[in-house]
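Below is one structure, written out as structure tokens; the observations come after it.
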Amino acid sequence: MRAVTWHGRHDVRVDTVPDPEIVNPRDAIIRITSTAICGSDLHLYDGYIPGMRAGDILGHENMGEVVEVGPKSTLKKGQKVVIPFTISCGECFFCQKQQFSACDNSNPSETSDASEVLMGHAMGAAFGYAHLTGGYAGGQAEYLRVPYSDVGPIVIPDGIEDDQVLFLSDILPTGWMAAENAMIEPGDTVAVWGCGPVGLFAIQSAFIMGAHRVIAIDHYPTRLELAKQLGADILDYNEVDVRAALNEMTGGIGPDAVIDCVGMESHGMAIDNVLDTVKAHTFLGTERPHALRQAILACRKGGRVSIPGVYGGFADKFPLGQMMEKGLTVKSGQTHVQKYSKQLLDMILEGKINTTFLVSHHAGLEDAPDMYRHWHDDQNEYTKIVLKPGLEKGEVETLREFAHEPA
Amino acid sequence: MKIVSRLVEDVPGSRLAWESEEGSDIDTAGVIEFEDAPPGRGTYVRFLMSYDPPGGAIGRGIAKLLQREPTVQARRDLRRFKQLLETGEVSVNASPSARKSETPTEARI
Ligand SMILES: NC(=O)c1ccc[n+]([C@@H]2O[C@H](COP(=O)([O-])OP(=O)(O)OC[C@H]3O[C@@H](n4cnc5c(N)ncnc54)[C@H](O)[C@@H]3O)[C@@H](O)[C@H]2O)c1
Ligand SMILES: [Zn+2]
Ligand SMILES: [Zn+2]
């Protein structure tokens with residue numbers, strides 16, 4: 001089959017590789033119909049996540065049609081399924097607590113050792129990510145092997161477009177859990193850093209959970225425009241002093257909850273961020289937590305800090321004292337996708353949540369190297385890319401032309 | 001290599017211990033203990049082993065490099081055992097890659 005493979009920093013290719021096979025009784029194989037590129041893939045593309053190997057197949061936001069099942073799978077051939085990016089057994093202590101991304105069994109014993117050394121405990125597994133998280137092939141390919149297919153996959157009723165449900169695999173539950181972790185109360189002002197797909201779903205979720213006001217921060221006009229369409233007030237950090245603006249907008253108190261939907265590759269020329277970038281490029285550190293630092297300083301006393309943005313290791317100049325002295329509550333984590341699947345699918349089917357507004361491009365697998373470059377270089381125009389193995393090379397569909405005024 | 005072991009202790013449900021017989025190529029002894037975890041949390045399994053590495057410290061270093069060192073192997077086997085009991089299968093990342101040396105049905109590091 002054809003598959004999108006990682007070969008090093010900024011080196012993504014399309015290779016011919018063997019088809020996946022059923023290996024364990026609970027496995028299923030799906031034929032991929034849609035597979036999205038995520039902000040997390042950018043961290044791999046930029047080479048910031050340790051434990052990738054040249055030749056790994058990318059892709060953790062996957063859906064498709066069941067084509068083969070192991071003897072213990074509960075799926076049926078022909079079913080349309082969305083696959084959570086977290087691989088979870090459903091049986092261990094953590095899965096039983098619905099902390100699916102912390103699954104204790106999915107990361108094979110050969111690969112879990114390293115993450116145990118790095119993190120203190122073995123991490124759960126994910127599709128198409130580093131070998132620290134299991135080294136399973138991703139779904140930016142024609143076919144995907146899905147372990148524990150009796151518990152993870154979300155069966156989709158007939159007549160639903162892929163784009164409507166695809167994001168149940170990751171960014172929708174991630175935005176939702178980010179808002180849940182912000183423990184929103186009536187009257188709250190919630191500030192969201194980053195208007196990428198995760199930020200946009202966090203904004204939508206925060207409103208559904210009762211936020212009085214959401215303030216969205218980014219520097220790309222079209223992404224800010226999408227946030228505005230969802231009802232958020234917007235701040236372009238190139239135009240305003242973010243902390244001063246947030247204080248101004250909250251009567252000096254600061255937002256009740258702050259959500260970091262940026263992660264380890266904060267943009268911007270703030271002095272701390274420039275130093276972090278130099279360190280990251282010289283391998284003296286992995287993190288550039290500029291947005292998170294700003295969020296912690298901006299948050300009101302006794303407020304909540306939610307961190308869906310991905311970080312990989314140790315960070316310099318983390319505002320620990322500020323966090324402690326202000327009495328902040330911090331919640332974070334890879335998303336427990338399976339916990340939210342049913343609730344969010346129902347909300348999509350009932351039209352309570354808009355999942356398609358952010359998709360800017362469709363393309364075939366053969367165009368993936370170009371799409372990765374655009375996803376990296378042209379974030380203003382490319383707000384979410386969905387790869388469809390059914391599309392021919394060069395058959396790129398642009399779903400929205402962004403005509404816009406500066407924010 | 002030949003090792004003949006003899007069971008020296010068998011407390012049903014809680015403890016198994018063994019030792020290698022005289023004449024085995026490696027001198028080794030081990031014990032496995034089972035203990036109830038707090039309610040709802042299953043069973044703690046503890047595995048202790050001692051052995052005289054062939055080739056002494058250097059042999060042990062080489063085994064470690066080849067990931068054949070008993071500490072590594074024992075830890076991984078315990079994890080596989082837990083996986084098998086809890087999920088009915090041993091977790092394996094076997095899947096395709098663009099690396100010619102691998103097949104989609106084999107575990108990889
Ligand atoms: N926790 C999880 O399970 C999970 C799941 C999916 C994604 N993620 C992570 O969430 C983060 C966002 O993902 P995405 O797909 O939306 O990525 P993205 O790259 O599309 O979006 C990030 C956005 O942050 C903006 N940004 C950068 N620096 C900023 C700053 N200093 N202040 C304000 N905005 C800034 C960028 O302009 C961009 O629009 C990533 O770190 C990703 O890895 C986590
Ligand atoms: Zn993702
Ligand atoms: Zn589990």
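Structure notes:
- One residue from A:365, A:344, A:328 being within 14 Å of chain B (Cβ to nearest Cβ) and either away from ligand 2 (no atom under 15 Å from the Cβ) or closer than 29 Å to residue A:152 by Cα (or both): A:365
- Residues that are within 23 Å of residue B:75 (Cβ to Cβ) and not in a helix (DSSP H, G or I) were ranked within the stretch A:63-98; the one that is farthest from ligand 1 (Cβ to nearest atom) is A:91.
- Hits in the stretch A:246-271 - residues which are at pLDDT below 95 and open to solvent by 40 Å² or more (accessible area, probe 1.4 Å): A:267, A:269, A:271
- Any hit, the stretch A:115-133, residues being within 16 Å of ligand 3 (Cβ to nearest atom) and touching a Pro at 6+ places or on another chain (Cβ under 7 Å): no
- Within the stretch A:206-239, the residues that satisfy the criterion of being in contact (Cβ under 8 Å) with a residue 40 or more places away in the chain and polar (S, T, N, Q) are A:222, A:229.
- Residue A:26 vs. criteria surrounded by 20 or more Cβ atoms within 10 Å (Cβ to Cβ), assigned to a loop (DSSP other than H, G, I, E, B) and within 9 Å of another protein chain (Cβ to nearest Cβ): yes
- Within the stretch A:113-133, tally of residues that are open to solvent by less than 10 Å² (accessible area, probe 1.4 Å), facing another protein chain (nearest Cβ under 9 Å) and modelled with pLDDT under 95: 0
- Against the numbered list (1) over 29 Å from residue A:116 (Cα atoms); (2) without any contact (Cβ under 8 Å) to a residue 24 or more places away in the chain, residue A:320 comes up short only at (1).
One line per residue, one yes/no per condition, for (1) surrounded by fewer than 24 Cβ atoms within 10 Å (Cβ to Cβ); (2) more than 8 Å from chain B (Cβ to nearest Cβ):
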residue: A:21; (1), (2): yes, no
residue: A:30; (1), (2): no, yes
residue: A:36; (1), (2): no, yes
residue: A:43; (1), (2): yes, yes
residue: A:57; (1), (2): no, no
residue: A:68; (1), (2): yes, yes
residue: A:74; (1), (2): yes, yes
residue: A:87; (1), (2): no, yes
residue: A:96; (1), (2): yes, yes
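- Conditions (1) assigned to a strand (DSSP E or B); (2) touching a Cys at 6+ places or on another chain (Cβ under 9 Å): number failed by residue A:148: (1)
- Residues satisfying the stated conditions in the stretch A:171-222, i.e. in a strand (DSSP E or B), within 21 Å of residue A:381 (Cα to Cα) and more than 8 Å from ligand 1 (Cβ to nearest atom): A:192, A:216
The values are calculated or read from the model by the stated rules, or taken from the named source; none is laboratory data. All values reported here derive from a predicted model rather than from experimental measurement. Here the Cβ is made from the backbone with ideal geometry for all residues, glycine too, and neighbour counts use every protein chain on show. In case anyone asks, the SASA skips ligands and DNA or RNA and just uses the protein heavy atoms, side chains included. Shrake-Rupley method; radii C 1.70, N 1.55, O 1.52, S 1.80 Å.
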